[in-house]
Amino acid sequence: MNYLKPKKLLKGDLIGIISPASSPDDLSLIESGVRYIEGFGYHTILGNNVGKIRGYLAGTDAERVDDIHKMFGDKNVKAIFCLRGGYGAFRLLDKINYKIIQSNPKIFVGFSEITALQMAFLKKANLITFAGPMVMPNFSREVSTFTEENFWRMMTSAKKPGKFKLPDTEKLSSLNSGIVSGRIIGGNLAVFVSLLGTKYLPDLKDNILFLEEINEPPYKIDRMLNQLKLNNVFKKVKGIILGNFIKCIELDKNKNTLTLQEVWEDYFSDLNIPVIHSFPHGHIKDLITISIGSKIKLNVTKGFVELMESGVR
């Protein structure tokens with residue numbers, strides 16, 4: 001399959017900002033996020049419907065799809081950054097004109113709920129996208145040097161990134177050892193699971209599955225991993241990277257519960273494929289940007305993940 005790499009960012013480029021899922025609780029923070037981006041020498045333009053609110057959605061489905069179509073169709077816009085995640089991006093998948101996206105490949109960044117769009121763009125338009133920081137909350141607050149350097153390097157350099165550098169205090173934790181390579185596919189666990197059985201999930205065979213999550217107790221993680229297992233996902237992939245699972249604990253002290261580690265061991269310890277966990281991606285301060293759809297090498301034996309190609313050209 002011919003995967004499409006967007007062009008790298010150049011100083012002075014115009015970056016579009018859209019809200020394809022939820023709207024920020026505090027719209028005033030948009031300005032600080034925009035200021036951060038423009039401080040690196042870029043120009044920004046907000047989608048026509050940014051700031052709209054319909055319940056937990058950033059406007060109607062039609063309004064949010066319209067911003068996607070217009071940003072991809074605008075030749076002046078060189079990259080599209082999502083304002084935030086939240087809820088509702090999955091409602092847009094059967095309403096998007098993927099020919100517009102395939103004909104206008106450009107950088108598209110987001111994570112969490114944005115996983116739904118990233119999987120659909122890869123499957124229906126062959127577009128490599130980026131699971132990385134968003135305007136809110138990441139760019140509207142203090143951005144760590146680690147997150148910042150990794151992100152802008154991924155946006156602006158077509159050189160092979162090589163081994164992912166980890167924050168100084170971290171090292172890769174593994175469940176199973178081994179060395180494998182393939183394309184990295186995945187994102188937020190709950191969103192990814194919701195795409196099973198649809199035509200918007202990319203082919204997982206011989207690829208590397210990546211997952212992250214927030215605010216889901218162990219019994220729900222258990223249920224979702226079991227759904228992946230029953231769909232033979234773990235038999236299709238060559239390796240698994242688990243990002244950060246933030247606040248995935250049982251809050252009710254009176255409830256009996258398994259730990260998250262125990263749930264992982266139940267599903268992954270018997271797999272004959274390499275598995276790492278606590279990879280620095282997800283709802284965290286020190287965040288590695290991942291080019292979804294790119295070729296990676298997972299070397300659990302020596303403890304590194306290597307991006308074998310840039311996500312941009």
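Flag: Asp206 matches the condition of being without any contact (Cβ under 8 Å) to a residue 40 or more places away in the chain, acidic (Asp, Glu) and either part of a helix (DSSP H, G or I) or closer than 20 Å to Val180 by Cα (or both). Test Val191 against the stated conditions and say whether it is over 25 Å from Cys82 (Cα atoms), touching a residue at least 40 places away in the same chain (Cβ under 8 Å) and surrounded by 18 or more Cβ atoms within 10 Å (Cβ to Cβ). So Val191 does not fit the description; no.
Between Pro24, Pro20, the distinction of being touching a Cys at 6+ places or on another chain (Cβ under 8 Å) and within 24 Å of Leu189 (Cβ to Cβ) belongs to Pro20 only. Put simply, of Ile249, Ile292, Ile276 the only residue that is out of contact with any His (no Cβ under 9 Å at 6 or more places or on another chain), over 21 Å from Met119 (Cα atoms), in the same structural domain as Leu189 (by TED's automatic domain parsing) and surrounded by 22 or more Cβ atoms within 10 Å (Cβ to Cβ) is Ile276. Six or more apart or on different chains, Cβ under 9 Å: which pairs go from a residue in region 42-57 that's closer than 25 Å to Lys78 by Cβ and modelled with pLDDT of 95 or more to one that's aromatic (Phe, Trp, Tyr) and outside any loop (DSSP other than H, G, I, E, B)? Could you list them? Sorted first by the residue in region 42-57, then by its partner, the pairs are Thr44/Phe81.
For region 252-269, the set of residues classified as within 16 Å of Val300 (Cβ to Cβ) and either in contact with a His (Cβ under 8 Å, 6 or more places away or on another chain) or without any contact (Cβ under 8 Å) to a residue 60 or more places away in the chain (or both) consists of Trp264 only.
When Val300 is tested against (1) at negative phi; (2) surrounded by fewer than 19 Cβ atoms within 10 Å (Cβ to Cβ); (3) modelled with pLDDT under 95, only condition (2) is not met. Only one of the numbered conditions (1) farther than 25 Å from Lys5 by Cα; (2) free of Cβ contacts under 8 Å to residues at least 60 places away in the same chain; (3) part of a helix (DSSP H, G or I) is violated by Ser32, and that is (2).
The values are calculated or read from the model by the stated rules, or taken from the named source; none is laboratory data. Keep in mind that what you see is a predicted model, and the values were worked out from it rather than measured. For neighbour counting, all protein chains shown are included, and Cβ atoms are generated from backbone atoms with ideal geometry for every residue, glycine included.
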